[in-house]
Amino acid sequence: MARGVRRETARGRPAGLTGQGPDPIIVRTGGGNPMLELHHNNMSVCSAKVRLVLREKDVAPAEHHYDLRKGDQFAPAYMALNPMGVVPTLVHHGSPFFESTLICEYLDEAFPRPRLRPADPAERTTMRRWASLPDRGLHAACGAVSSALAFRYQFLALTPEDLAANLAQTPDPERRERKRMCIELGMDWPPAAAAVRFYDSVLRQMDTALAAGGPWLAGDAYSLADSGLTPYVVRLDHLNLSWMWDNRPALAAWYEAVQARPNFAGLADYVEPAYLEVMDARAAELRPKVEAALAG
Ligand SMILES: N[C@@H](CCC(=O)N[C@@H](CS)C(=O)NCC(=O)O)C(=O)O
């Protein structure tokens, strides 16, 4: 399957990307569960994680889309819901939940079928080890690699004044500085090279574990481990880095399998072509920098 994308989507273009209307937060309620609301972004890996779980359980929330480039996530109304100013946030019966790994566990408890946490304690711990990887460095690595290889060009296209105004929206000074450095230096920013190596070590661990066990990360059954890591592998694919698993056949087979599942629509239906174009634009020219980072 080509690069984790279904270009013809069942749901069509995600809401919130057309710039229509004065309110940047677009609400889609059609057909959704009114007691369940998902505040998310179409290209966000953490949001995709949650959507994969929702699709697996055939649960359709009302959706609110946030344009992260415009800074919708820092709107006071949203920060009141999620003080970190990040997506996703799930609201169930009026209670907000954030941190995507925890949201996925919550969904598996609140909507128990099909079960995505292994019943066996050892397998459940294995599942959690994989599913927590984004919170133990993988998410930060994904942000650095995505930005250094592609998304920085969206910011570099802004006028210096607009870029400064955009950066000023990020309330946390450390997060703002990392963003600024990555935009400025790209793959020449040392943490970006380290992020490539970290990502590679995760792929190696996945391939080794899948070759020894499998077919899923926590054993015989698809679990939150698989749904949780899928968006991070898709992101590498979108960045034209699928050669990173050319010599990792067990990982390649797993990637084919996760894309073949019906719940993959929870990711693929939301992919925005304009972002793929940004990720494609400099792929060939940047590959040597990725290879140099891996060799470093
Ligand atoms: N640990 C959080 C991370 C959330 C996060 O960083 N979300 C990204 C999108 S994947 C975001 O909202 N970024 C906006 C920003 O950093 O300004 C989770 O898993 O929910």
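The table that follows gives values for the structure above.
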{"item": "Filter result (exposed (fewer than 15 other Cβ atoms within 10 Å of the Cβ) and of a type outside the set (A, V, I, L, M)) within the range 236-261", "result": "W243, D246, N247, P249, E256"}
{"item": "Residue match in the range 108-121 (condition: open to solvent by 20 Å² or more (accessible area, probe 1.4 Å) and within 15 Å of the ligand (Cβ to nearest atom))", "result": "no"}
{"item": "Odd one out for L158 among (1) modelled with pLDDT of 95 or more; (2) touching a helix residue (DSSP H, G or I) at 6+ places or on another chain (Cβ under 7 Å)", "result": "(1)"}
{"item": "Members of the range 78-91 that are within 22 Å of P173 (Cβ to Cβ), in a loop (DSSP other than H, G, I, E, B) and open to solvent by less than 10 Å² (accessible area, probe 1.4 Å)", "result": "N82, G85"}
{"item": "First in the range 199-217 and closer than 11 Å to M244 by Cβ, second anywhere and open to solvent by 50 Å² or more (accessible area, probe 1.4 Å) and in a helix (DSSP H, G or I), Cβ under 9 Å, 6 or more apart", "result": "D200/L294; D207/P249"}
{"item": "Count of the range 202-218 residues which are not hydroxyl-bearing (S, T, Y) and not in a loop (DSSP other than H, G, I, E, B)", "result": "11"}
{"item": "Cβ pairs under 8 Å, 6+ apart, first in the range 35-51 and in the same structural domain as D226 (by TED's automatic domain parsing), second open to solvent by 10 Å² or more (accessible area, probe 1.4 Å) and within 11 Å of the ligand (Cβ to nearest atom)", "result": "none"}
{"item": "Residues that are basic (K, R) and either outside the structural domain of Y199 (by TED's automatic domain parsing) or over 18 Å from the mean Cα position of the chain (by Cα) (or both), drawn from the range 79-128", "result": "R113, R115, R117, R124"}
{"item": "Criterion: polar (S, T, N, Q), in the same structural domain as E285 (by TED's automatic domain parsing) and open to solvent by 10 Å² or more (accessible area, probe 1.4 Å) - qualifying residue of S227, S201, S223", "result": "S201"}
{"item": "Which numbered condition G214 misses (of (1) small (G, A, S); (2) out of contact with any strand residue (DSSP E or B) (no Cβ under 7 Å at 6 or more places or on another chain); (3) at negative phi)", "result": "(3)"}
{"item": "First in the range 76-98 and of a type in the set (F, W, Y), second anywhere and away from the ligand (no atom under 11 Å from the Cβ), Cβ under 6 Å, 6 or more apart", "result": "F97/Y106"}
{"item": "Those residues of the range 48-77 which are more than 10 Å from the ligand (Cβ to nearest atom), of a type outside the set (A, V, I, L, M) and surrounded by 19 or more Cβ atoms within 10 Å (Cβ to Cβ), in sequence order", "result": "R51, R55, E56, P61, E63, H64, H65"}
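The values are calculated or read from the model by the stated rules, or taken from the named source; none is laboratory data. Because the structure is a prediction, the values reported are computed rather than measured. Glycine also receives a Cβ, built like all others from the backbone with ideal geometry; neighbour counts cover every protein chain displayed. For accessibility, only protein heavy atoms count, side chains too; no ligands or nucleic acids. Shrake-Rupley method; radii C 1.70, N 1.55, O 1.52, S 1.80 Å.
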